[in-house]
Structure formats: structure tokens, C-alpha cells
Amino acid sequence: MDRKGKTYLVTGGASGLGEATARMLAAQGANVAILDRDEERGPAVCKELGPRSAFFKMDATKEESIKAAVQGAAAKFGGVHGVINCAGVGSATTTINKKGGVHDSGIFDFVVQVNLYGTFNASKYAAAEMAKNEPDENGLRGVIINTASVAAIDGQKGQAAYSASKGAVTGMTLPMARDLGTYGIRVLTILPGIMETPLMAAASDKVKTGLALSVVAPKRLGKPEEFAHMCTAIIDNGYLNGECIRLDGAIRMGYQSKI
Ligand SMILES: NC(=O)c1ccc[n+]([C@@H]2O[C@H](COP(=O)([O-])OP(=O)(O)OC[C@H]3O[C@@H](n4cnc5c(N)ncnc54)[C@H](O)[C@@H]3O)[C@@H](O)[C@H]2O)c1
């Protein structure tokens with residue numbers, strides 16, 4: 001696939017799923033802008049990708065920072081054809097705890113700010129840029145790919161904030177597609193299962209093996225390249241729109257009480 005002349009913004013592109021997507025798009029000839037808070041990894045990845053890539057520092061919790069990064073990338077490459085929203089954080093805090101405490105509101109706010117507001121704000125500023133493109137023969141001007149999680153549906157204990165943020169990302173997919181259909185901009189959301197990224201690096205081999213066993217097939221964690229491949233499939237298939245797609249080896253997270 002030759003993506004020469006097309007520009008894709010990847011939030012969270014300094015690591016994990018976003019990095020794999022930035023690498024795949026760049027290898028296929030696209031211009032790639034990495035929008036991330038990580039000022040070490042982001043530029044380092046861009047250095048490897050070469051002159052058709054650029055790093056823009058962005059804090060997903062701050063709208064002005066997102067606006068500046070998106071507009072800066074659009075100015076550098078002369079337009080935007082897609083945004084892949086991968087910037088995200090997890091959470092592990094229960095609603096109340098055994099010490100009589102309640103879920104910290106700051107943690108809840110932070111997770112929602114990054115995962116939901118960050119995704120929506122990057123999408124809206126990128127959409128404003130994509131709306132300026134000449135439409136293709138099908139009237140299409142660009143695509144937004146958001147990253148939710150299977151935790152949007154099968155959230156685990158301690159994931160109230162994370163699941164709320166990812167559930168909201170899945171929920172806004174269709175209304176955004178309807179808002180942006182007028183401009184020929186498609187909106188899709190990917191719900192990854194358990195993927196082998198730095199987010200999972202802290203888990204022990206025993207934990208990873210246990211998780212892999214709960215995947216129907218193949219019996220392993222997902223690879224970042226498989227997420228990147230899903231993004232390129234979405235970019236290439238113009239009839240996909242307004243949908244949330246699980247990428248999870250058919251995992252369905254259960255619940256087991258401790259005795
Ligand atoms: N890895 C998994 O198993 C998995 C599963 C389901 C969903 N996801 C989702 O996929 C996305 C990517 O996850 P990953 O596994 O690649 O994680 P990762 O930690 O490897 O990468 C996340 C990237 O987001 C950036 N980021 C975080 N907070 C930011 C902020 N406030 N502003 C700007 N950048 C910020 C980080 O610097 C990092 O580069 C996340 O939204 C995550 O919730 C991951």
C-alpha cells in the first residue's frame with residue numbers, strides 16, 4: 001500500500017499500540033506525526049522513522065496543548081488525512097475500599113481527562129483539519145480511529161474509571177460518525193483485548209500465561225502490529241464507519257469471587 005502524500009496523526013505514538021501504528025504507516029509511505037507527552041521516546045521514534053515524521057509534544061489532559069499539536073502537525077505536512085487516538089492510561093482503584101475509603105476523585109478525573117476528553121479533543125481538532133481536504137471519488141476526506149478496550153464492556157474489579165472512560169469512547173463513536181458524515185469523515189473505534197505492550201510489561205510471566213489461557217484463539221496476547229494492521233485495514237476500507245470493533249482473540253473477561 002502506497003500512502004505517499006497522506007498524513008496521519010498518532011496520539012500516544014511514542015509507545016505500544018500507537019508506536020506500532022506509526023511505524024507501519026511510515027513504512028507504507030505516509031507522513032506521520034506523533035503527538036505524545038513523552039519527550040524522550042517520541043522524538044527517538046521519529047528519528048528512526050525519518051524525515052516524513054515529526055514529534056509534537058501534547059498533553060492529552062489539556063485542550064490547548066492538543067489544539068496546538070494537531071494544528072502544528074497539519075501545518076507541517078500540509079493537511080491531515082487521519083488521526084489514530086492511542087494516548088491512554090489505566091487505573092486500578094476500587095469504588096470503596098476495606099479501609100473505609102472511597103475512590104479518589106483526582107484519579108477518576110485524570111483517567112477520564114486523558115482517555116475520553118483527550119480522545120474527543122484530538123478528534124475534533126483533527127476533524128476540523130480533515131474537513132478542509134478535497135473529497136475523494138466517494139466524498140470521503142478522512143478517518144478517525146479511537147482506541148477503547150474490551151474493558152468498555154467487560155471491565156474488571158478496580159477498573160471503574162478506566163471502563164467509564166473507554167465505555168464513553170465507544171458510545172461517542174456513532175454520534176461522531178453521524179456528525180462528521182456530512183464532511184466525509186469516518187469514525188471507528190477499536191476495542192483491544194490484552195495486548196503485549198509496555199503497559200503489560202510489568203505483569204509476571206505467570207500472570208501473562210494465565211491471561212493468554214483466557215483467550216479463545218490464538219492462545220496468546222495480542223501483538224501491537226495486529227492493532228496497527230487493524231488501523232490500516234480501517235483506513236483502506238472506506239465502507240467501514242460508525243462501528244466499534246473488538247480485536248481480542250474472542251476473550252470474554254469473567255468474574256470470580258475469592259472465597
Ligand atoms: N495494552 C493493552 O493491553 C490495551 C488493551 C486495551 C486497550 N488499550 C488502550 O490502548 C491505548 C494504548 O495503550 P498501550 O498499551 O500502547 O500503552 P502505552 O503505555 O505503551 O502507550 C501509551 C502512550 O500514551 C501516552 N500518553 C499517556 N498519557 C498521555 C497524556 N496525558 N498526554 C499525551 N500522551 C499520553 C504515553 O506517553 C504513551 O506513549 C490506551 O488507550 C490503552 O488504554 C491497551
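The values are calculated or read from the model by the stated rules, or taken from the named source; none is laboratory data. Since this is a predicted model, take the numbers as computed values, not measurements. Reconstructed Cβ throughout: ideal geometry from the backbone, glycine too, with neighbour counts over all protein chains shown. Just the protein is used for accessible areas: all its heavy atoms, side chains included, with ligands, DNA and RNA removed. Shrake-Rupley method; radii C 1.70, N 1.55, O 1.52, S 1.80 Å.
A simple count of charges around ALA148, restricted to other residues whose Cβ falls under 13 Å of its Cβ and scoring Lys, Arg +1 and Asp, Glu -1, yields -1.
Near THR11, once Lys and Arg are set to +1 and Asp and Glu to -1 for all other residues with Cβ below 12 Å from its Cβ, the sum equals -2. Under 26 Å of direct C-alpha separation, and excluding same-chain neighbours fewer than eight residues apart, LYS206 reaches these lysines: LYS157, LYS219, LYS223, LYS258.
Rounded to the nearest whole Hz, the Karplus-based 3J(HN,Hα) values (6.51 cos²θ - 1.76 cosθ + 1.60, θ = phi - 60°) of the range 218-232 follow the sequence x, 7, 6, 6, x, 9, x, 5, 6, 5, 4, 5, 4, 4, 5, with x at glycine and proline. Here the chain carries DSSP beta bridges of which approximately 5% are antiparallel, counting only pairs with both residues inside. LYS4: which lysines have alpha carbons under 17 Å from its alpha carbon, excluding same-chain residues fewer than 8 sequence positions away? Counting by Cα, and skipping residues close in sequence, LYS4 has these lysines nearby: LYS76. Heavy-atom accessible area with a 1.4 Å probe sorts ILE194, ILE96, largest first, into ILE96, ILE194.
Magnitude of the charge dipole for the range 7-245, about its Cα centre and with charges confined to Cβ atoms of Lys, Arg (+1) and Asp, Glu (-1), is about 460 debye. Using Cβ point charges alone (K and R +1, D and E -1), the dipole size of the range 117-259 about the Cα centre works out to roughly 700 debye. For the chain, with all protein chains in place and a probe radius of 1.4 Å, 54% of the accessible heavy-atom surface sits on carbon or sulfur.
Using only the alpha-carbon atoms of the range 7-245 as identical scatterers, what base-10 log of I(q)/I(0) does the Debye formula give at q = 0.07, 0.09, 0.18 Å⁻¹? After summing over all Cα pairs, the log10 values are -0.22, -0.36, -1.41.
Normalised per residue, the accessible area of the range 7-245 is 46 Å², obtained with a 1.4 Å probe and no contribution from ligands, DNA or RNA. For the chain, a Gaussian network of Cα nodes joined below 10 Å ranks SER149, SER163, SER91 by mean-square fluctuation, and the top entry is SER91.
Springs between alpha-carbon atoms under 10 Å, Gaussian network over the chain: tell me which of GLY106, GLY82, GLY238 tops the mean-square fluctuations. In the Gaussian network model the winner is GLY106.
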